[in-house]
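To keep things clear, I will list the structure first and then write my remarks on it.
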Amino acid sequence: SAFRRYKENSRRWKYILLFVQFAASAFFISLLAIIIMQYRYITNANPGYAYNNLFYINVGDVYSEKKDVIMSEVESLPCVDKVTYCATLPFSAGSGNNIMLEGDPRELFNIVDLYNVGKGYFDLMEIPVLQGRVFSDNASNEVMVSESFVEKILNFTHWQDGVIGKQVHVTEHMGADSSVNFTICGVYKEIVVGNNINIDKRPSVIFSGEANTAPNHINYILVKFKEVTPDNIEAINNILRRISPDGDMAYSYSI
């Protein structure tokens, strides 16, 4: 009888330990599945722009005339499909400004200001333009806005016929006398500003770098390769070394 009770107690302890082991295994398998799903979401989520074969060159500390020379030489490479420039990379944190209407002293809402882009930016990034058009050749005082910008501003206006052709004030771009208006020329499909973990959900606006609008920052050259190979990347880096031998710029980086 004593031996029988000892065997039953020993078996019960083993069952409890086996249950704990199965529960721990199920927990870690579930945790691994969640991590895999999050990884797939982050790597496969659509940010609203095409980033395949896309590289950027940091030219924030380079004079504008060097920027033009770099773009010209990079664009002449047979391995390069398209070249343009921008002030802010969409996956970086964007600074903010406020939207106002003429004759209304209120600051209606805050936006992500992506500042200036070069000609062909929307084509290179493959960002669809849903309404209106991209910047004209003489793009003075034109602005392009995101879908969520339209939703926001219609809460403060009676623009029944849409936003194209309407004018807004954008703080920091209003000029010395705070009177500069910008005409909305186009509405682009919403893009992710920031990354898929930390998305900036404010509406965004983009200005033309071809116009003399202030501030006019040019920090990055965007390069779309036909094919990404080490030799093609090195060809661009050789151009950068030749134009800027003192190393006053960062070399090309993959997006």
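Details
Okay, residues lined up against (1) in contact (Cβ under 8 Å) with a residue 40 or more places away in the chain; (2) under 19 Å from residue 200 (Cβ atoms); (3) open to solvent by less than 60 Å² (accessible area, probe 1.4 Å); (4) of a type in the set (Gly, Ala, Ser):
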{"position": "82", "(1), (2), (3), (4)": "yes, no, no, no"}
{"position": "86", "(1), (2), (3), (4)": "yes, yes, yes, no"}
{"position": "93", "(1), (2), (3), (4)": "yes, yes, no, yes"}
{"position": "105", "(1), (2), (3), (4)": "no, no, no, no"}
{"position": "118", "(1), (2), (3), (4)": "yes, no, yes, yes"}
{"position": "123", "(1), (2), (3), (4)": "yes, no, no, no"}
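- For region 155-178, the set of residues classified as touching a Ser or Thr at 6+ places or on another chain (Cβ under 9 Å) and closer than 13 Å to residue 107 by Cβ consists of 168, 169, 171, 172, 178, listed by residue number.
- Screening residue 130 against (1) in contact (Cβ under 8 Å) with a residue 24 or more places away in the chain; (2) surrounded by 14 or more Cβ atoms within 10 Å (Cβ to Cβ) leaves a single unmet condition, (2).
- Residue list for region 179-200, restricted to those being more than 12 Å from the chain's Cα centre (by Cα), farther than 17 Å from residue 104 by Cβ and at pLDDT below 90: 197
- Among the conditions (1) β-branched (Val, Ile, Thr); (2) within 18 Å of residue 178 (Cβ to Cβ); (3) in contact with a Leu (Cβ under 8 Å, 6 or more places away or on another chain), residue 111 misses just one, which is (3).
- Only one of the numbered conditions (1) open to solvent by 50 Å² or more (accessible area, probe 1.4 Å); (2) closer than 30 Å to residue 52 by Cα is violated by residue 141, and that is (2).
- Here region 215-250 is the region considered, the condition is being open to solvent by 70 Å² or more (accessible area, probe 1.4 Å) and part of a loop (DSSP other than H, G, I, E, B), and the residue that is modelled with the lowest pLDDT is 246.
- Answer from 29, 99, 36 - the residue that is over 27 Å from the mean Cα position of the chain (by Cα) and either at pLDDT 90 or above or loosely packed, with under 15 Cβ neighbours inside 10 Å (or both): 29
- Region 46-57, residues that are at pLDDT 85 or above and either part of a loop (DSSP other than H, G, I, E, B) or not aliphatic (A, V, I, L, M) (or both): 47, 48, 49, 50, 51, 52, 53, 55, 56
- Among the residues making up region 165-191, those that are in contact with a strand residue (DSSP E or B) (Cβ under 6 Å, 6 or more places away or on another chain) and open to solvent by 20 Å² or more (accessible area, probe 1.4 Å) are 166, 167, 171, 172, 181, 183, 189, 190.
- Residue under evaluation residue 43, criteria (1) open to solvent by less than 80 Å² (accessible area, probe 1.4 Å); (2) modelled with pLDDT of 85 or more, criterion not met: (2)
- Matching residues, region 31-53, being small (Gly, Ala, Ser) and closer than 28 Å to residue 128 by Cβ: 45, 48, 50
The values are calculated or read from the model by the stated rules, or taken from the named source; none is laboratory data. Note that the structure is predicted; figures quoted are calculated from it, not measured. For neighbour counting, all protein chains shown are included, and Cβ atoms are generated from backbone atoms with ideal geometry for every residue, glycine included. Each accessible area value is taken on the protein alone, full model and side chains, heavy atoms only, with ligands, DNA and RNA left out. Shrake-Rupley method; radii C 1.70, N 1.55, O 1.52, S 1.80 Å.
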